[in-house]
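The values are calculated or read from the model by the stated rules, or taken from the named source; none is laboratory data. The shown structure was predicted, so the numbers you read here are calculated from the model rather than taken from an experiment. Neighbour counts are summed over all protein chains in view; Cβ atoms, including those assigned to glycine, are modelled from backbone coordinates with ideal geometry.
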Amino acid sequence: MTEYYELKVNLLPSALVTYKENIPNLYSKVIPEYLTEIFDLTDNGKTTIKEVSNKQDSLFDDMIESSTEVEYYSFYKEFSERNIQESIEYKELLKNYNSTLKEYKKIVDSFQSRKGIYWPNTFLESTKPKLNKALNNFKNSFPDVYNSSKYISTSSVTKRLPGNNQFGHSRRQLIEVLKIKKYLTDHPTISKAISFIYTSNEHILINLSDIKEMDESISLIQNSINSSQPPFGEITIIPIYSNIFIDSSVNSITYSFVYPNGENGRKDRDMIEEDKDDRLSILKLLMNDDNSLKDSPSSGSVTINTKEGLTPSFINNTAKRLGANKGYLADIRDGAKAKIKRIIKKVKLEGQ
C-alpha cells in the first residue's frame with residue numbers, strides 16, 4: 001500500500017468569509033473544480049485515509065486518529081522544459097552578482113592589506129539592495145530551482161568567495177547565487193512533473209521517493225495555484241508534522257505559523273488560547289482575530305527567549321500548541337542552530 005506525506009491547505013480568512021454560507025462546498029467542489037483547470041485530473045472517488053503509525057516518530061499524543069473517509073481527486077501536471085539560463089531574471093541576477101562580487105572583493109582586499117574593514121554607503125545602500133531584489137525576483141519566478149539549489153552544500157561553493165568566507169555583508173546572497181549557478185550548470189534545461197492528491201478535508205497527499213523533494217513539490221503546487229488567481233484567494237501549503245526533534249536545550253527558538261482559520265481552525269484556536277503558559281502569552285496577542293473576518297493577522301512568528309534553556313520537550317509541546325500536527329506551523333528555527341528534525345505525517349489510502 002502506497003504511503004503519502006500529508007499536507008494542509010490553508011486559506012486566507014477572507015476566503016472563508018466569502019464562502020461562509022457553504023464552507024463544505026468550498027472544499028468539496030469549488031477548490032477541486034478549480035484545480036482541474038490548472039492540473040490534469042487522473043482519478044476521483046471516495047476513500048478512507050489511515051495514518052501510518054510509528055510511535056517512535058510520534059510524540060504528539062493525539063496524532064493517531066481513527067480512519068477518515070473523504071472524497072479524493074488525483075492530479076498530475078508536467079512542466080515544459082525551460083532554459084532558465086536565458087531568462088531575464090537569471091541574466092539580471094548574474095549582472096548584480098558580478099557587480100556585487102567585484103565590490104565585495106575590493107573591500108576584502110582592503111581589509112587584508114591591513115587598512116581595516118570599511119563598507120561604503122554605495123555598497124550598503126545600492127549594490128546590496130539591488131542584488132537582494134534580483135535574487136527575490138529569481139526566487140519568485142523559479143521557486144523550484146531555488147528550493148532545489150538549497151540542498152547544494154555551502155562548502156562546495158564558498159571556496160569561490162574572497163576572504164575565506166569570513167565577511168558578512170552580502171555573503172549569504174552571494175552564496176545563494178553560487179548555489180543557483182551550480183544547480184543550473186548541472187541542470188541547464190529542466191522538465192518537471194508533479195502528481196498529488198487533494199482531499200475534501202483540506203489536505204494534500206504526496207508520494208515522494210526522497211523527502212528532499214518536498215520543498216520543491218510544495219512550491220510547484222502552491223505557485224501553480226496562486227499564479228492563476230484562484231477565486232478563493234491565495235493558499236499556503238504546510239506539512240502536517242507527527243513530531244519535531246531537537247538535539248539539545250537552547251536559549252532561543254522562533255516559530256513561524258499561519259493563523260488557524262475556518263471551522264476546524266476555530267477549534268484549534270480555542271485549544272491554543274486556553275493554554276496558561278506565560279511564555280506563550282504573546283501568541284494569544286497575535287491570535288486575536290476571533291471572527292476570522294480579515295486577512296490580518298493570518299500569519300505571524302514568535303521568538304521565545306530564556307536564560308534557563310528551553311528543553312526539547314518544551315520545544316516539541318510548543319510546536320504542538322501552534323498546530324504543528326494540524327498543518328499550521330510554517331517553520332521553526334533556533335538561535336544556536338542546533339539540528340531540528342521535522343517528521344512529516346504519513347498516511348495510506350484504502351485500496352491504493
Do the conditions hold for Y198, that is, is it farther than 28 Å from N96 by Cβ and in contact with a Pro (Cβ under 7 Å, 6 or more places away or on another chain)?
-> yes
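Is it fair to say S281 is under 20 Å from I253 (Cβ atoms) and either modelled with pLDDT of 80 or more or not small (G, A, S) (or both)? Talk me through it step by step, then tell me what you get.
Details: under 20 Å from I253 (Cβ atoms): yes; either modelled with pLDDT of 80 or more or not small (G, A, S) (or both): no.
When the stated conditions are applied, S281 does not pass them.
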Among all residue pairs at least 6 apart or on different chains, which show Cβ distances below 8 Å where the first residue, located in the range 10-38, is farther than 23 Å from A330 by Cα and the second is assigned to a helix (DSSP H, G or I) and modelled with pLDDT of 90 or more?
-> Y19/N25; Y19/L26; Y19/V30
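I want to confirm something. Restricting to the range 69-116 and keeping residues that are among the β-branched types (V, I, T) and touching a Leu at 6+ places or on another chain (Cβ under 8 Å), which single residue is modelled with the highest pLDDT?
Kept after step one, since they are among the β-branched types (V, I, T), are these residues of the range 69-116: 70, 84, 88, 100, 107-108.
Still in the running and touching a Leu at 6+ places or on another chain (Cβ under 8 Å): 84, 100.
Numbers: I84: 83, T100: 92.
Going through the qualifying residues, I end up with T100.
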Kindly establish whether V177 is of a type in the set (A, V, I, L, M, F, W, C), in contact with a Phe, Trp or Tyr (Cβ under 7 Å, 6 or more places away or on another chain) and at pLDDT below 80.
-> no
Among (1) in a strand (DSSP E or B); (2) closer than 22 Å to N325 by Cα; (3) modelled with pLDDT under 80, where does M63 come up short?
-> (1)
Any chance you could count how many residues in the range 185-244 are closer than 23 Å to S256 by Cα, crowded, with 20+ Cβ neighbours inside 10 Å, at pLDDT 85 or above and of a type in the set (S, T, Y)?
-> 3
Taking the range 4-40, which residues are surrounded by fewer than 13 Cβ atoms within 10 Å (Cβ to Cβ) and part of a strand (DSSP E or B)?
-> D40
Which of (1) surrounded by 18 or more Cβ atoms within 10 Å (Cβ to Cβ); (2) at pLDDT 90 or above; (3) farther than 18 Å from G233 by Cβ is the odd one out, the single condition D43 does not satisfy?
-> (1)
